[in-house]
Amino acid sequence: EFPHPIPDLPVMPETTHDRPVIAVLPDRLIDQIAAGEVIERPASVVKELIENSLDAGATQIDIDIQQAGSGLIRVVDNGTGMTPDDVAACVQRHATSKIARLEDLSSLLTFGFRGEALASIASVSHLEIISRRRGQDAAVLMFWEGGTLSDQRDTGAAVGTSVSVRHLFYNTPARREFMRAPTTETRRLIETVTDAACVNYRVGFTLTLDERPTIATAPAPDMKTRLVDLFGASLADMLIPFSGGEGELSVHGFAGKPEIARANRDRILTYVNNRRVTALSLAHAATAAYGETIPRGRFPFTVICIEADPSRVDVNVHPTKREVRFANDRAVYELTYYAINKAAFSGPHALPVLPIRETAMPAESTPLRLPLRAAASPETPLAANDRTARAEFPASAPGMPSVEVPSVAHGLTFPARSGESLSASMPDQPQRDASSASPSEHDDITNLWQFNDLYIIAAVGEELWVIDQHTAHERVLYEEILRRIHERKPDIQRLLFPESVDLEAREWEVYESSAELLASLGFEVRPFGSRTVLLEGIPTGLRLKNPVLLFRRVLEDLESARRGGEDLTRAAAASMACRSAVMSGDRLNLAEMQGLFARLMHTENPFSCPHGRPTMVKIPIADFDKKFCR
């Protein structure tokens, strides 16, 4: 017997011949269901309307957004415009000027062709269309409420079309509740306009958010000019053009140098026949093409434009046409990989073969890393056998290039400080294990060694502690930065010559919303024109010496943290700690190791870095006894 009774299956209600179970849904409900497939959020509306404007031959598209799209979305273009009959028909389901027969689907190069966008938008909003075709004396205005036409009249307007969407999802409250926070929806809107503007560089775009100009770019002669307009003048010398293939399949675009690589794939922009698509295989091809010049976990700035025979591309695999399917995925992957790889390593902008480090190369370096050595005190010269080791073992084999390893012994100090509670500034930090020894017991540890220029080995009682110097230093700096933020005492290094930074739209939005937090970190920044800021000071003690690159990296980390719902203050402190901490390959002397060890023991949580990685591993002597069969 089973321990629990098996529940009875649900019984279907009995039916009679005069009461059918299957019924055809009302047209209005059908429209609202279809709208859910095409219109997911305000950015979906903007995407569909921009594509309609591009198909109409517009050379200028102006987008006005209020309340992150829930209040108003207005898209105005100077395209061909529509007659009154066309305006009345364009909001009907499956009304389109793009196809008339099945064979047309295999040769389409336009964006919208299903005739679903305006019908879907009209069914879940208050929709107003004003349009005038060239040669007409007046424009026509039509207004729909929930898909029902409620007003029509002549009005004055320039040639082109204006579409205004108000109160999106007003009649579908469940969908409205599932909209994200205004900052998230605003970011999606900026991404949508940016995606369209990148490849359609002959068209001017403006984006206004709550009366604030956010994007303003005039028609450009080429894509590089457009990319510089959108992402800042600093990009001008960072782009490597690439191209490959011909005929039915070709690729072209721009690949950014490793210095502007990002922590996510947001700036791997892929287009197929000018349509922005999501293609993980192309993103992988772009990243792999850089080889070892980009560190693991970072991704290149890349714009990839695939031109393919429409019959070899299926754009109909997703309702929003965001995804595509190629007839030969492997051929597209290899074409993209080899085009970027060839341009990056054999063209006029060839990259170095070795990986690029973010740390500034100090003036003094050592040519050899010994596997294991006891660190000498700064006052004590190297032992004779250490000097002999340096002489006997060459830094590299004959014929191999010499690669110097940076030394950071000079300029890095870790003075031990008296213990103080940081619980006031970090109320959510886990408390230290009560079973662990108090910090005072570790202040006089002197038997420390550095292994592989990354791990610090300490003999503590009957245990051998192996400490990751990077994560340990991250933990120390993280708590100190949080304390300075809490005490409002930023440590600022003023720049001798202030740097002007042209921010892209998303960066500007993050800067505006995080200005107070950035100031508490030690950044002195002030607006200096449209989407330009003047960087006058940065936090002290940072390893990344390029202040503009540092500022952009912190903005990038803040954007990622906000997207993931993290606490921005802690995320900012973690970002700064990571940028400032010693790295793998940095050689420390005894005083530096002792200082780092003592400061780590004074932290609230010495056992993990702010990203959750362990700072140390403890190996008890009993484990060694077992290994040696004692």
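Across the accessible surface of segment 150-262, with the other protein chains kept in place and a 1.4 Å probe, carbon and sulfur atoms take up 51 percent. Note: segment 516-561, Cα convex hull, 84 Å³ per residue.
The label-point distance for Lys342 and Leu542, in a model that sets each label 7 Å from Cα toward Cβ, rounds to 3.9 nm.
Scaled to the globular estimate 2.2 N^0.38 Å, the Cα spread of segment 480-533, given as radius of gyration, is 1.23.
Here the ratio of the Cα radius of gyration of segment 543-630 to 2.2 N^0.38 Å is 1.48. Peptide packing: for 466-478, 216-228, the average count of neighbouring Cβ atoms within 10 Å per residue gives the ranking 466-478, 216-228, highest mean first. Counting heavy atoms of the protein chains alone, Leu118 has an accessible area of about 20 Å² for a 1.4 Å probe. Full extension of the chain segment joining Ser500 with Ser250 gains 86.2 nm, where the gain is 0.36 nm per residue of separation less the Cα-Cα distance.
Solvent-accessible area per residue in segment 117-160 equals 44 Å², computed with a 1.4 angstrom probe and all protein chains kept.
Ordering Phe528, Phe254 from largest to smallest accessible area (1.4 angstrom probe), what's the sequence?
Details: Phe528 110, Phe254 30 Å².
Descending accessible area places them as Phe528, Phe254.
Classify segment 533-591 as rounded, prolate or oblate from the Cα gyration tensor: take a ≥ b ≥ c as the square roots of its eigenvalues, call it rounded if a/c is under 1.5, otherwise prolate when a/b beats b/c and oblate if not. Oblate shape, in that a/c is at least 1.5 and b/c is the bigger or equal ratio.
Looking at segment 144-183, the chymotrypsin sites (Phe, Trp or Tyr not before Pro) that sit in a DSSP loop and have at most 11 other Cβ atoms within 10 Å of their own Cβ are Phe178. When all alpha carbon pairs of segment 486-589 are counted in 10 Å bins from zero, the resulting P(r) reads 14, 48, 30, 6, 1 %.
Ordered by solvent-accessible area of protein heavy atoms (1.4 Å probe), largest first, the residues Cys90, Cys629, Cys305 come out as Cys629, Cys90, Cys305. Over all pairs of different C-alpha atoms in segment 190-339, the reciprocal of the mean inverse distance, the Kirkwood hydrodynamic radius, equals 16.0 Å. The calculated FRET efficiency for the pair Glu516 and Ile22, based on their C-beta separation and a Förster distance of 41 Å, comes to about 0.10.
When 1/r is averaged over all different Cα pairs and the result inverted, which Kirkwood radius in Å belongs to segment 439-525? Roughly 16.7 Å, rounded to one decimal.
A 1.4 Å probe run over the protein chains yields, for segment 490-630, 43 Å² of accessible area per residue, whole-number rounding. Extension gain for Tyr170-Arg134 works out to 9.5 nm (0.36 nm per residue, less the C-alpha to C-alpha distance).
The values are calculated or read from the model by the stated rules, or taken from the named source; none is laboratory data. Because the structure is predicted, anything quoted here is derived from the model rather than measured. Glycine also receives a Cβ, built like all others from the backbone with ideal geometry; neighbour counts cover every protein chain displayed. Just the protein is used for accessible areas: all its heavy atoms, side chains included, with ligands, DNA and RNA removed. Shrake-Rupley method; radii C 1.70, N 1.55, O 1.52, S 1.80 Å.
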